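Since the structure comes first, as C-alpha coordinates, the remarks are kept for the end.
The values are calculated or read from the model by the stated rules, or taken from the named source; none is laboratory data. Just so it is clear, the model here is predicted, and its values are computed rather than measured. Don't worry about glycine lacking a Cβ; one is built from the backbone with ideal geometry, like all the others, and counts go over all protein chains shown. We work out accessible area using only protein heavy atoms, side chains counted, and drop any ligands, DNA or RNA first. Shrake-Rupley method; radii C 1.70, N 1.55, O 1.52, S 1.80 Å.
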Amino acid sequence: MPIPARSGIVARSLLRDDAFRMIRDAIVDGTLGPGERLNDLELAQWLGVSRTPVREALARLEEAGLVRTKPGRYTMVSPLDLRALRGAQSVTTAMHELAVREALPNLSAAELDAMRQANARFAEALRANDVTAALAADDEFHGITVAASANAALQSVLEQFTPALRRLERLRFSSLTGRGSIAQHERIIALCEAGDVEGAVAATRINWQTLAPLLEAEFDEDEHGSGER
(Lines give C-alpha, C1' and ligand atoms only; values in the text may rest on other atoms or scores of the structure.)
Protein backbone atom coordinates (compact mmCIF):
# COMPACT_ATOMS: atom_id res chain seq x y z
CA MET A 1 0.00 0.00 0.00
CA PRO A 2 1.62 3.34 -0.99
CA ILE A 3 1.68 5.83 1.86
CA PRO A 4 3.38 9.22 2.17
CA ALA A 5 7.09 9.04 2.97
CA ARG A 6 6.79 10.92 6.23
CA SER A 7 5.66 8.95 9.25
CA GLY A 8 4.44 9.91 12.68
CA ILE A 9 3.58 13.36 11.37
CA VAL A 10 0.62 13.87 13.71
CA ALA A 11 0.68 14.18 17.48
CA ARG A 12 -0.28 11.13 19.52
CA SER A 13 -3.37 13.00 20.63
CA LEU A 14 -4.77 12.62 17.11
CA LEU A 15 -8.54 12.28 17.23
CA ARG A 16 -10.55 10.05 14.95
CA ASP A 17 -11.74 13.17 13.09
CA ASP A 18 -8.14 14.00 12.23
CA ALA A 19 -7.48 10.45 11.07
CA PHE A 20 -10.63 10.60 8.98
CA ARG A 21 -9.59 13.84 7.30
CA MET A 22 -6.05 12.72 6.54
CA ILE A 23 -7.02 9.35 5.08
CA ARG A 24 -9.85 11.01 3.17
CA ASP A 25 -7.46 13.57 1.69
CA ALA A 26 -5.03 10.82 0.66
CA ILE A 27 -7.88 9.15 -1.22
CA VAL A 28 -9.08 12.38 -2.81
CA ASP A 29 -5.61 13.46 -3.95
CA GLY A 30 -4.90 10.04 -5.46
CA THR A 31 -2.18 8.92 -3.06
CA LEU A 32 -4.52 6.02 -2.33
CA GLY A 33 -6.14 5.19 -5.67
CA PRO A 34 -9.35 3.34 -6.57
CA GLY A 35 -9.07 -0.35 -5.71
CA GLU A 36 -6.07 0.15 -3.40
CA ARG A 37 -6.09 -2.30 -0.47
CA LEU A 38 -5.87 -0.54 2.89
CA ASN A 39 -4.01 -1.89 5.90
CA ASP A 40 -5.03 -0.35 9.21
CA LEU A 41 -1.66 -1.12 10.81
CA GLU A 42 0.25 0.65 8.01
CA LEU A 43 -2.13 3.60 8.19
CA ALA A 44 -1.70 3.76 11.97
CA GLN A 45 2.09 3.78 11.56
CA TRP A 46 1.86 6.57 8.99
CA LEU A 47 -0.33 8.71 11.27
CA GLY A 48 1.60 7.79 14.41
CA VAL A 49 -1.49 6.60 16.29
CA SER A 50 -3.08 3.39 17.48
CA ARG A 51 -5.26 1.31 15.17
CA THR A 52 -8.50 2.31 16.95
CA PRO A 53 -8.92 5.83 15.46
CA VAL A 54 -7.86 4.44 12.06
CA ARG A 55 -10.56 1.77 12.18
CA GLU A 56 -13.14 4.36 13.24
CA ALA A 57 -12.03 6.62 10.39
CA LEU A 58 -12.29 3.79 7.86
CA ALA A 59 -15.83 3.07 9.04
CA ARG A 60 -16.78 6.71 8.41
CA LEU A 61 -15.09 6.66 5.03
CA GLU A 62 -17.14 3.63 4.10
CA GLU A 63 -20.31 5.58 4.95
CA ALA A 64 -19.03 8.36 2.70
CA GLY A 65 -18.55 5.89 -0.17
CA LEU A 66 -14.76 6.28 -0.31
CA VAL A 67 -13.91 2.92 1.24
CA ARG A 68 -15.32 -0.55 0.71
CA THR A 69 -15.00 -3.35 3.25
CA LYS A 70 -15.51 -7.09 3.03
CA PRO A 71 -15.36 -8.30 6.66
CA GLY A 72 -12.54 -10.75 7.20
CA ARG A 73 -11.24 -10.29 3.67
CA TYR A 74 -10.23 -6.77 2.72
CA THR A 75 -10.65 -3.03 3.09
CA MET A 76 -10.06 -1.04 -0.07
CA VAL A 77 -10.48 2.38 -1.66
CA SER A 78 -13.80 2.27 -3.47
CA PRO A 79 -13.73 2.12 -7.26
CA LEU A 80 -15.55 4.97 -8.97
CA ASP A 81 -19.25 4.16 -9.07
CA LEU A 82 -21.47 6.08 -11.50
CA ARG A 83 -24.70 5.70 -9.55
CA ALA A 84 -23.07 6.76 -6.28
CA LEU A 85 -21.38 9.75 -7.92
CA ARG A 86 -24.61 10.89 -9.53
CA GLY A 87 -26.29 10.67 -6.14
CA ALA A 88 -23.47 12.62 -4.52
CA GLN A 89 -23.72 15.29 -7.21
CA SER A 90 -27.48 15.66 -6.74
CA VAL A 91 -27.20 15.93 -2.96
CA THR A 92 -24.22 18.28 -3.08
CA THR A 93 -25.93 20.55 -5.61
CA ALA A 94 -29.07 20.73 -3.47
CA MET A 95 -27.06 21.54 -0.34
CA HIS A 96 -25.18 24.39 -2.03
CA GLU A 97 -28.46 25.79 -3.35
CA LEU A 98 -29.82 25.69 0.20
CA ALA A 99 -26.64 27.32 1.54
CA VAL A 100 -27.03 30.27 -0.83
CA ARG A 101 -30.74 30.57 -0.05
CA GLU A 102 -30.11 30.67 3.70
CA ALA A 103 -26.94 32.77 3.59
CA LEU A 104 -27.88 35.47 1.11
CA PRO A 105 -30.21 37.62 3.22
CA ASN A 106 -27.38 38.26 5.67
CA LEU A 107 -24.35 37.95 3.40
CA SER A 108 -21.93 40.77 4.26
CA ALA A 109 -19.79 42.92 1.99
CA ALA A 110 -16.73 41.28 3.54
CA GLU A 111 -18.03 37.83 2.62
CA LEU A 112 -18.75 38.93 -0.94
CA ASP A 113 -15.22 40.29 -1.17
CA ALA A 114 -13.88 36.99 0.16
CA MET A 115 -15.78 35.20 -2.61
CA ARG A 116 -14.16 37.48 -5.20
CA GLN A 117 -10.71 36.81 -3.77
CA ALA A 118 -11.31 33.04 -3.76
CA ASN A 119 -12.42 33.19 -7.38
CA ALA A 120 -9.32 35.17 -8.30
CA ARG A 121 -7.17 32.47 -6.70
CA PHE A 122 -9.20 29.86 -8.57
CA ALA A 123 -8.53 31.62 -11.89
CA GLU A 124 -4.82 31.98 -11.13
CA ALA A 125 -4.54 28.28 -10.22
CA LEU A 126 -6.16 27.30 -13.51
CA ARG A 127 -3.73 29.50 -15.43
CA ALA A 128 -0.89 27.74 -13.62
CA ASN A 129 -2.45 24.28 -14.21
CA ASP A 130 -2.34 23.74 -10.44
CA VAL A 131 -5.16 21.27 -9.79
CA THR A 132 -4.66 21.19 -6.02
CA ALA A 133 -4.82 24.97 -5.70
CA ALA A 134 -7.80 25.20 -8.07
CA LEU A 135 -9.86 22.70 -6.10
CA ALA A 136 -8.87 24.35 -2.81
CA ALA A 137 -9.93 27.78 -4.10
CA ASP A 138 -13.20 26.37 -5.44
CA ASP A 139 -13.90 24.80 -2.04
CA GLU A 140 -13.11 28.14 -0.40
CA PHE A 141 -15.44 30.01 -2.76
CA HIS A 142 -18.43 27.77 -2.08
CA GLY A 143 -17.49 27.38 1.57
CA ILE A 144 -18.21 31.05 2.24
CA THR A 145 -21.95 30.71 1.66
CA VAL A 146 -21.95 27.34 3.42
CA ALA A 147 -20.40 28.92 6.53
CA ALA A 148 -22.68 31.97 6.27
CA SER A 149 -25.75 29.72 6.24
CA ALA A 150 -24.82 28.64 9.80
CA ASN A 151 -26.57 25.34 9.07
CA ALA A 152 -24.65 22.55 10.80
CA ALA A 153 -26.75 19.79 9.22
CA LEU A 154 -26.06 21.14 5.74
CA GLN A 155 -22.33 21.31 6.47
CA SER A 156 -22.34 17.73 7.74
CA VAL A 157 -23.98 16.43 4.56
CA LEU A 158 -21.48 18.28 2.37
CA GLU A 159 -18.55 16.91 4.36
CA GLN A 160 -19.83 13.42 3.64
CA PHE A 161 -20.53 13.72 -0.09
CA THR A 162 -18.18 16.37 -1.50
CA PRO A 163 -14.94 14.31 -1.27
CA ALA A 164 -16.21 11.70 -3.75
CA LEU A 165 -16.83 14.46 -6.30
CA ARG A 166 -13.46 16.08 -5.67
CA ARG A 167 -11.79 12.71 -6.26
CA LEU A 168 -13.48 12.52 -9.67
CA GLU A 169 -12.49 16.08 -10.51
CA ARG A 170 -8.87 15.39 -9.63
CA LEU A 171 -8.78 12.20 -11.70
CA ARG A 172 -10.31 13.90 -14.72
CA PHE A 173 -9.66 17.60 -14.22
CA SER A 174 -10.89 19.71 -17.12
CA SER A 175 -9.30 23.13 -17.43
CA LEU A 176 -11.95 24.08 -19.99
CA THR A 177 -14.76 23.30 -17.56
CA GLY A 178 -12.81 25.07 -14.84
CA ARG A 179 -12.46 28.25 -16.87
CA GLY A 180 -16.21 28.26 -17.41
CA SER A 181 -16.62 28.12 -13.64
CA ILE A 182 -14.77 31.42 -13.25
CA ALA A 183 -17.54 33.28 -15.06
CA GLN A 184 -20.20 31.25 -13.24
CA HIS A 185 -18.66 32.24 -9.92
CA GLU A 186 -18.70 35.88 -10.98
CA ARG A 187 -22.38 35.62 -11.81
CA ILE A 188 -23.15 34.04 -8.43
CA ILE A 189 -21.36 36.92 -6.69
CA ALA A 190 -23.21 39.54 -8.75
CA LEU A 191 -26.60 37.98 -8.01
CA CYS A 192 -25.79 37.67 -4.31
CA GLU A 193 -24.72 41.31 -4.23
CA ALA A 194 -27.98 42.30 -5.92
CA GLY A 195 -29.96 40.34 -3.34
CA ASP A 196 -31.48 38.10 -6.02
CA VAL A 197 -32.01 34.91 -4.01
CA GLU A 198 -33.67 32.86 -6.74
CA GLY A 199 -31.17 33.99 -9.36
CA ALA A 200 -28.21 33.15 -7.12
CA VAL A 201 -29.68 29.75 -6.30
CA ALA A 202 -30.20 29.00 -10.00
CA ALA A 203 -26.66 30.12 -10.85
CA THR A 204 -25.29 27.90 -8.10
CA ARG A 205 -27.24 24.95 -9.48
CA ILE A 206 -25.80 25.54 -12.96
CA ASN A 207 -22.27 25.75 -11.56
CA TRP A 208 -22.50 22.42 -9.74
CA GLN A 209 -24.15 20.75 -12.71
CA THR A 210 -20.96 21.29 -14.73
CA LEU A 211 -19.71 18.12 -13.02
CA ALA A 212 -22.11 16.05 -15.15
CA PRO A 213 -19.80 15.96 -18.22
CA LEU A 214 -16.98 14.65 -16.01
CA LEU A 215 -19.23 11.81 -14.89
CA GLU A 216 -20.28 10.91 -18.40
CA ALA A 217 -16.74 11.14 -19.80
CA GLU A 218 -15.33 8.92 -17.07
CA PHE A 219 -17.84 6.13 -17.58
CA ASP A 220 -18.31 6.42 -21.34
CA GLU A 221 -14.64 5.45 -21.71
CA ASP A 222 -15.15 2.41 -19.53
CA GLU A 223 -17.66 0.29 -21.39
CA HIS A 224 -18.82 -2.18 -18.84
CA GLY A 225 -22.36 -2.08 -17.69
CA SER A 226 -21.76 -2.30 -13.94
CA GLY A 227 -21.10 1.43 -13.65
CA GLU A 228 -17.85 0.79 -11.78
CA ARG A 229 -14.14 0.86 -12.45
| task | From Leu126, Leu191, grab the single residue that is assigned to a helix (DSSP H, G or I), free of Cβ contacts under 8 Å to residues at least 40 places away in the same chain and open to solvent by less than 60 Å² (accessible area, probe 1.4 Å). | result | Leu191
| note | Picking from Arg229, Arg179, the residue that is closer than 21 Å to Ile27 by Cβ, at pLDDT below 90 and of a type in the set (D, E, K, R) would be Arg229
| task | From the list Ala164, Ala103, Ala84, pick out the single residue that is in a helix (DSSP H, G or I) and under 28 Å from Ala194 (Cβ atoms). | result | Ala103
| field | Options Pro163, Pro71; residue that is surrounded by fewer than 17 Cβ atoms within 10 Å (Cβ to Cβ) and more than 27 Å from Ala190 (Cβ to Cβ) | value | Pro71
| task | Please work out which residue is most open to solvent (accessible area, probe 1.4 Å), limiting yourself to the range 194-226 and to residues that are among the polar types (S, T, N, Q) and either on the phi > 0 side of the Ramachandran plot or at pLDDT 70 or above (or both). | result | Gln209
| query | Can you find even one residue in the range 99-118 that is of a type in the set (Val, Ile, Thr), more than 26 Å from Leu214 (Cβ to Cβ) and in contact with a Ser or Thr (Cβ under 8 Å, 6 or more places away or on another chain)? | reply | no
| task | Identify, from the list Val28, Val100, Val49, Val10, the residue that is surrounded by 20 or more Cβ atoms within 10 Å (Cβ to Cβ) and at pLDDT below 90. | result | Val49
